[in-house]
Structure formats: structure tokens, C-alpha cells
1. Within segment 270-286, which residues are part of a strand (DSSP E or B) and either modelled with pLDDT under 95 or closer than 19 Å to A255 by Cβ (or both)?
2. Could you tell me how many of the residues in segment 180-232 are of a type in the set (S, T, N, Q), touching a residue at least 12 places away in the same chain (Cβ under 8 Å) and not assigned by TED's automatic domain parsing to the domain that holds E68?
3. Quick check on G69: is it under 13 Å from Q202 (Cα atoms) and either out of contact with any Lys or Arg (no Cβ under 6 Å at 6 or more places or on another chain) or modelled with pLDDT under 95 (or both)?
4. List pairs: first residue in segment 365-391 and touching a residue at least 24 places away in the same chain (Cβ under 8 Å) and more than 23 Å from A278 (Cβ to Cβ), second residue hydroxyl-bearing (S, T, Y) and surrounded by fewer than 17 Cβ atoms within 10 Å (Cβ to Cβ) anywhere in the structure, Cβ distance under 8 angstrom, at least six positions apart or on different chains.
5. Can you pull out every residue in segment 344-390 that is of a type in the set (V, I, T), closer than 20 Å to G411 by Cβ and either part of a loop (DSSP other than H, G, I, E, B) or over 15 Å from the mean Cα position of the chain (by Cα) (or both)?
6. Which residues, taken from segment 13-57, are under 16 Å from T82 (Cβ atoms) and assigned to a loop (DSSP other than H, G, I, E, B)?
7. Looking for something surrounded by fewer than 20 Cβ atoms within 10 Å (Cβ to Cβ) and over 25 Å from E168 (Cβ atoms) - is there at least one such residue anywhere in segment 347-360?
8. In this structure, is T260 at pLDDT 95 or above and either surrounded by 20 or more Cβ atoms within 10 Å (Cβ to Cβ) or not assigned by TED's automatic domain parsing to the domain that holds E321 (or both)?
Amino acid sequence: MVSALLLLLTAQQSLPQGFTPLFDESSLAGWRGRPHLDPRTEAAWSAEERAKQQADWDAGVAQHWSVEGGEIVNDGDGPFLTTARDYGDAEFVLEYRTVALADSGIYLRATPQVQIWDWTEAGGKWNLGADKGSGGLWNNERHSRFPNRLMDAPFGEWNRMRIRIIGERVWVWFNSALVVTAVPMENYWDRSQPLFARGPLQLQTHGGEIRFRNLGVRELSVDEASAFLHSVSSELPFRRGEQDRAAMEALSDQAVFNGTNLDGWRGAVAGWEVVDGAMRCKPNSGGTICTVEEYEDFVARFEFRLPPGGNNGLAIRYPGEGDTAYVGMCELQVLDDTAAQYATLQPWQYHGSAYGMVPSRRGFQRAVGEWNYQQVTVQSGRVMVELNGTVILDADLHALDATADGKEHPGRMRTSGAFGFAGHGDPVEFRHVHVRRL
């Protein structure tokens, strides 16, 4: 009898370097049953309710899923096969083989889905876009939902996918071609909210036999995730089209911090210092520091690191003096949302919010002490904040009927100004600071 260890080693040998097997080729250990279900519904159940439902789902797995010759086999029915673990930023690999008329998919963070279906005209779903092939984010509505090319193998042959997810951004390599590039995956369960920060991988079953093999995962480090996000060419976030994208890519990022000194910056420079390639607000000092150059529409990209309880801000279209929350277009909060001392703040005071005007969405910061990646896009009156790959603020400040704090913010109508950091006496750090004019 072949040992479980040998089977595991065999699985490891068929995966790319650095990937951990999700399937031991002999059992469904590490998997559970779970249907198409809003994660918030499951989270609201009591422990007793959850245990009962899980028993029912696992019974469905036993009926409809099996292992044959080192392959996971589903008969086209039953609950979805779901990892017992949740994952955040990660890469997944898998191979699948299905039959004509079948329809399936890969749920990321319990959310549909990277599409798998019959791409032929005989499959009867060209009216839904099946002619464009598998691998797309089919449940998207606002963002691209189809792959950029048809790469499905003929029925009877194996297809291979590699899926990367960072924040809500998804990349899909399908049979060696990159068919989805950093496209935001929408929250199917509540499109007003971002995709969940963590969740399980699910193998959908949907009407026809499908087989899976060589399943693996590689969880991404903070530095890897940020590097991938840095490498993505910014697109015009408020307009779409190849012409807009080409125009955007013709413009280049400008490093506005050289990692050595504060040349090119003005304002409260004496309250800041450069330490290990990062600009840092001096403890119990600070003040607002900003670029010498001014910008109209722009994209700013950088990394920041918070100490426990850290508080800072981004000066947007700042005139060079005064409180940017009022005299600038806005102050975008930079804050340790987890600190006990901030537990009773107003929603518009937490990280990523346009201070006093529009609250951001919370829950997408990395652990205190780790570097976060952030991108801020300002176009006309609209401000978009993307934190670690997830959009947490998207608001037109020029169009507000009222501010959240009920106060006047006369600077919000500004159309140009400097970019900077509003130090509030905590040693918050920033590095890899780039600005791209639009």
C-alpha cells in the first residue's frame, strides 16, 4: 500500500515550487461541503446550527464527490467542495477536466466566481458569453467579466488554471495565457461592499461531471502582495476603454521621495526624518509636509507602516499651509483602526476616510507593524482610495450635498495643490512614494 506521505510528496512534485498541496490524491481530507451561500449568513449561525448544517453538507459530499486514481470527481450535483481553511492574499493552482454541457467555477473567498463552462456553440450558452471561454470573472457587473482570449482545451483534455488574488484584484492564467489581469472581483453578495478580505476556495458543481487534480496554494507575504500591486499599471479608474488605458500608460510615475533625504518636500520638514529608506514623522512632532510640485488630477502610490495607535493623514491638493482637512481638498486618514483608544471614533475618522466628509470601509488593513500598500486617485472632484488591493473609498467631494461632520470644508472644491502627509506626532512611516499625473 502506498503511504500517505508518499502520496503527499507525489502531489508536491506536480505543483509549482513553493505551493502546498490542497489534495493528497487519496482522500478529501482538508475539505468540507458548503453550498452557494452568503458568508454573512453562515457567520450569523450559532455553533449548534453551524454543526448541523455542516453535517448535512458533508453527507452531500460523500454522496456526490469521490477520489479516483488521484483525481477528485464530482457527478454534477451536491454541495460545493470547500477548503476547511480560509485564505486571504494567495495564489492557487489546479487542473480540471469536464464534459460537454457542463458548467462550473471556482469560488474565491466563498464568492462566485472564476468561470468554467462549455465554450462551444453546441453548449447553448453563447448568448451568455460562453463563446469567450472560461477563466473570466463572470459574475462581475461593473468590471470586466470575460477573459481576454479563448483558451479552453477540447473536451477530454485537462485545463490548468493559476489564480492570484490580492485584496479584491484577481489575475487568472489559463492554459499558460494570462486571461485576467488585476481585475477587481465584485462582491456578488452585496455589490455595495468590497470583496471579503478572507474566505475559502470552493469547487462548484453545476450539472455535469467535472474532475480536479494538482490543487495547490501559496499564501503571499505582505512584501510579495505589495510588489504585485506596485507592478500593476494604473488605469483610469473612472473611465474605461483601450484609448484611455493607452493614454494612461503613456504617462509615467514620478518618484517624489528619493529614500535618502527630503529634497523636493516643503512645509514642516523639521518634524520629519528619513530612517532606513522611509520618511517618518518624528515622535511628538510632525506637521504637514508636502511636495514642492502641485498637481491637478493624479494617482499617488506608496506604502505606509503604522505603530500601535498611529495617526497621520494624506494632504490632497494642499495649498501649502493650514489644516488640510479644511483648506486642502481633504485629509485622507491614515490611522491604526484597531487601537483601543480609537474605538469610539466617528466613521469618517477611520483609515482612508475623507476626514469629516465621507467615511471609508474598514477591515482591510494589515497587522499593525506591517507595511500596507495604498493607491489614491484624484480626478476632478472624485477621490478613490485602494488599500492593499481593495477600494475602501470612492466619493465625489465636489458633489456632496452635506459633509458627514456638518462642518464647512471650503478646500474640498480645490482643483489643484500639493500632495503630502499630515503628521500628528506619531512615528508613522512612508516609503516608495510615487505620483503620476493624469
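The values are calculated or read from the model by the stated rules, or taken from the named source; none is laboratory data. Quick caveat: nothing in here was measured; it's all calculated off a predicted structure. Note: ideal-geometry Cβ built from the backbone for every residue, glycine included; neighbour counts use all protein chains shown.
1. First pass over segment 270-286, keeping only residues part of a strand (DSSP E or B): 272-275, 278-281.
Passing the criteria: W272, E273, V274, V275, A278, M279, R280.
2. 1
3. no
4. Pairs that qualify, where the first residue is touching a residue at least 24 places away in the same chain (Cβ under 8 Å) and more than 23 Å from A278 (Cβ to Cβ) and the partner is hydroxyl-bearing (S, T, Y) and surrounded by fewer than 17 Cβ atoms within 10 Å (Cβ to Cβ), are S380/T415.
5. V358, T377, V378, V383
6. Residues satisfying the conditions are L22, F23, S27, L28, A29, G30, P35, H36, L37, D38, W45.
7. no
8. On the way: at pLDDT 95 or above: yes; either surrounded by 20 or more Cβ atoms within 10 Å (Cβ to Cβ) or not assigned by TED's automatic domain parsing to the domain that holds E321 (or both): no.
The answer is no for T260.
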